[in-house]
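K.L.:
The structure under discussion is supplied below as structure tokens; questions concerning it will follow.
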Amino acid sequence: MLDIRIERTATPKAKPTDETKLGFGHIFTDHMFIMNYDTGLGWHDARIVPYGEISLSPAAMCLHYGQEIFEGLKAYRTADGSVQLFRPDENFKRMNVSADRMVIPELNIEDCLYALKTLVKMEEEWVPHTEGASLYIRPFIIATDPYVGVRPADHYMFIIILSPSGAYYSTGLNPVKIYVEKQYVRAVRGGTGFAKTAANYAISLKGQQEAHDQDYEQVLWLDGVEQKYIEEVGSMNIMFVIDGEVVTPELTGSVLPGITRKSALEICRKKGMKVSERRITIDEVAKAYDEGKLNEVFGTGTAAVISPVGHLKWGDKIMTINDNKIGPVSQMLYDTMTGIQWGKIADEYNWIVKI
Ligand code: COI
């Protein structure tokens, strides 16, 4: 088992008093997990230390060439006061897939799970007690060599930080407004679209800013070659209910393999719904809308959970989905997913890991 050195803070912070106003990703707990990697030594020096600034050379490679990967998952408090995680093994498996793409050394998944559980246990009191709020977990790896040449690094830090958070979108479960991006692209075949790496998010900011200027919350990305096929939103995967069938873009390499996406598809299949993972064009969505067959649109993500989409803007065409209200499939998925996560309904899928 991983040997973790523990150094407790001498100055614990005050916990948020109003858990209905946490926002997303602003507040951090008292401790963090850190482990280093050096070529020849492997991952070593696992420790939980007071949350605080880390020291990096201004030449650290992650700052120049973005050799970085991250994950996002949550810890939830159940009605009996216990704390649980949702499919954390899936996050560390995906982290190793991202690591491979970004030439970052792999992690031992069992060690990561043990480190995460130890840290969350220590910070248990920070897991919100309020409905809808949870402890957002952000594991990440950065390349730290002080070197400004381009090559894979020899030194890395793996860090886990924790943030008590509410809904990712300020609209909560109210439908979001999404703008179909026509100018910029997020990912191309052979690129890094499937990896959870900083560049995929940095590249999305320009489109997001322009969407915000038009009062839209997020951007729906189309494929990077023909700008025809739907990919994802950037902070979540996207699903459509067309004539009763749940349709979502297949994982072609430029779309993030979301864990909420995978779980939502499993729930729909188990309920006997018609589901298809396939290429889908924006023209097909617009045609379905014109024919009155576009029943629902929603996003899936750890931070976003299930986010209904109320407006989809594609050029001059504005599609108002399900009268700008949450639809029955989105509601069912939200209730099932959050029911399992908060321990309100039985976990018949074996997804929950108790702390
Ligand atoms: C998550 O859903 O956990 C993510 O990593 C998305 C991020 C943009 C907040």
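The values are calculated or read from the model by the stated rules, or taken from the named source; none is laboratory data. Since we're looking at a predicted model, the values are computed, not measured. When we count neighbours, we look across all protein chains shown, and the Cβ atoms used for this are built from the backbone with ideal geometry, even at glycine. Remember, those area values only see protein heavy atoms, side chains included, never the ligands or the DNA or RNA. Shrake-Rupley method; radii C 1.70, N 1.55, O 1.52, S 1.80 Å.
K.L.:
With the other protein chains left in place, how much accessible area per residue, in square angstrom, belongs to region 209-355 at a 1.4 angstrom probe? Spell out each step's value before the answer.
P.N.:
Numbers: 6020 Å² over 147 residues.
On a per-residue basis, region 209-355 sits at 41 Å².
K.L.:
Using only the alpha-carbon atoms, what does region 176-341 span along each of its principal axes? Please give whole angstrom values in decreasing order.
P.N.:
37, 32, 25
K.L.:
At a threshold of 8 angstrom on Cα-Cα distance, excluding pairs fewer than six apart, so keeping six or more, what relative contact order does the chain reach in percent?
P.N.:
19
K.L.:
May I ask for the angle, rounded to the nearest 10°, between helix 259-270 and the longest principal axis of the chain, with both axes built from Cα atoms and the value confined to 0 to 90°?
P.N.:
Approximately 50 degrees, to the nearest ten.
K.L.:
Hey, another quick one. Using the per-residue mean of other Cβ atoms lying within 10 Å as a proxy for protection, in what order, highest first, do the peptides 69-79, 320-330, 156-166 fall?
P.N.:
Going from most to least packed, we get 156-166, 69-79, 320-330.
K.L.:
A follow-up question, please. Going by alpha carbons, how many degrees (0 to 90, nearest 10) lie between the helix axis of 328-341 and the longest principal axis of the chain?
P.N.:
Helix 328-341 sits roughly 20 degrees off the main axis of the chain.
K.L.:
Apply the Karplus curve 6.51 cos²θ - 1.76 cosθ + 1.60, θ = phi - 60°, to the phi angles in region 50-67 and return the couplings in whole Hz, x for Gly and Pro.
P.N.:
Each residue of region 50-67 in turn: x, 4, x, 5, 10, 9, 9, 5, x, 8, 3, 4, 4, 6, 9, 10, x, 6 Hz.
K.L.:
Then there's this: May I ask you to derive the FRET efficiency for Lys344 and Val97 from their Cβ-Cβ distance with R0 = 30 Å, giving the value to the nearest 0.05?
P.N.:
Efficiency for this residue pair is about 0.45.
K.L.:
Follow-up. Which value, in debye to the nearest 20, gives the size of the charge dipole of region 196-355 about its Cα centre, when Lys and Arg are +1 and Asp and Glu are -1 at the Cβ?
P.N.:
That gives a dipole near 580 debye.
K.L.:
So, one more: Per residue, what volume in Å³ does the convex hull of the Cα atoms of region 5-165 enclose?
P.N.:
Taking the convex hull of the Cα positions in region 5-165, it is 120 Å³ per residue.
K.L.:
So if I take the alpha carbon set of the chain, get Rg, then get Rh from the Kirkwood formula, what is the Rg over Rh ratio? List each step's numbers first, then the result.
P.N.:
Details: Rg = 20.6 Å, Rh = 21.3 Å.
The Rg/Rh ratio comes out at 0.97.
K.L.:
Nearest 10 degrees is fine. How inclined is helix 109-122 to the longest principal axis of the chain, computing both from alpha carbons?
P.N.:
So the helix axis and the longest Cα principal axis differ by about 80 degrees.
K.L.:
I would also like to ask the following. Out of the DSSP beta bridges found with both residues in region 176-341, what percent are antiparallel (nearest 5)? Write out the running numbers ahead of the final one.
P.N.:
Numbers: 19 of 29 bridges.
Given both bridge residues lie in region 176-341, the antiparallel proportion sits at roughly 65 percent.
K.L.:
Okay, moving on. How much FRET efficiency would the formula 1/(1 + (r/R0)^6) give for Lys262 and Thr11, where r is the Cβ-Cβ distance and R0 is 35 Å, rounded to 0.05?
P.N.:
Result of the calculation: an efficiency of 0.30.
K.L.:
At most 13 other Cβ atoms within 10 Å and a DSSP loop assignment: could you name the trypsin sites (Lys or Arg not before Pro) in region 158-194 that fit?
P.N.:
Filter output for region 158-194: Lys182, Arg189.
K.L.:
While we're on this one: Output the peptides 83-96, 294-307, 118-131, 48-61 sorted from most to least packed, where packing is the average of other Cβ atoms within 10 Å over each peptide's residues.
P.N.:
294-307, 83-96, 118-131, 48-61
K.L.:
Loop-only GluC sites (Glu not before Pro) in region 210-266, please: DSSP not H, G, I, E or B, and at most 14 other Cβ atoms within 10 Å.
P.N.:
Here the GluC sites (Glu not before Pro) that fit, given the DSSP loop and packing criteria, are Glu226, Glu250.
K.L.:
How far apart, in nanometres, would the label points at Ile4 and Thr320 be if each is projected 7 angstrom from Cα along the Cα-to-Cβ direction?
P.N.:
Distance between the two pseudo-spin positions: 5.1 nm.
K.L.:
By a straight-distance test (C-alpha under 20 Å), which aspartates and glutamates pair with Lys270 as possible cross-link partners, with residues fewer than eight away in the same chain excluded?
P.N.:
Glu90, Asp243, Glu245, Glu250, Glu296, Asp335, Asp347, Glu348
K.L.:
Give me the 1.4 Å probe accessible area per residue for region 105-191, excluding ligands and nucleic acids, in Å².
P.N.:
Dividing the accessible area of region 105-191 by its residue count gives 42 Å².
K.L.:
While we're here: Assign unit charges at the C-beta atoms only (+1 for Lys and Arg, -1 for Asp and Glu), then state the dipole size of the chain relative to its Cα centre in Debye, rounded to the nearest 20. Provide the component values of the computation, followed by the final result.
P.N.:
Numbers: 38 positive and 47 negative charges, 54 e Å.
It works out to roughly 260 debye.
K.L.:
Also: Answer with one residue from Val309, Leu251, Gln227: the one whose Cα lies farthest towards the positive end of the charge dipole of region 176-341, charges on Cβ with Lys, Arg +1 and Asp, Glu -1.
P.N.:
Of the listed residues, the answer is Leu251.
K.L.:
Using 1/(1 + (r/R0)^6) with R0 = 30 angstrom and r between the beta carbons of Arg151 and Asp45, what's the FRET efficiency to the nearest 0.05?
P.N.:
On the way: r = 24 Å, r/R0 = 0.79.
The calculated FRET efficiency here is 0.80.
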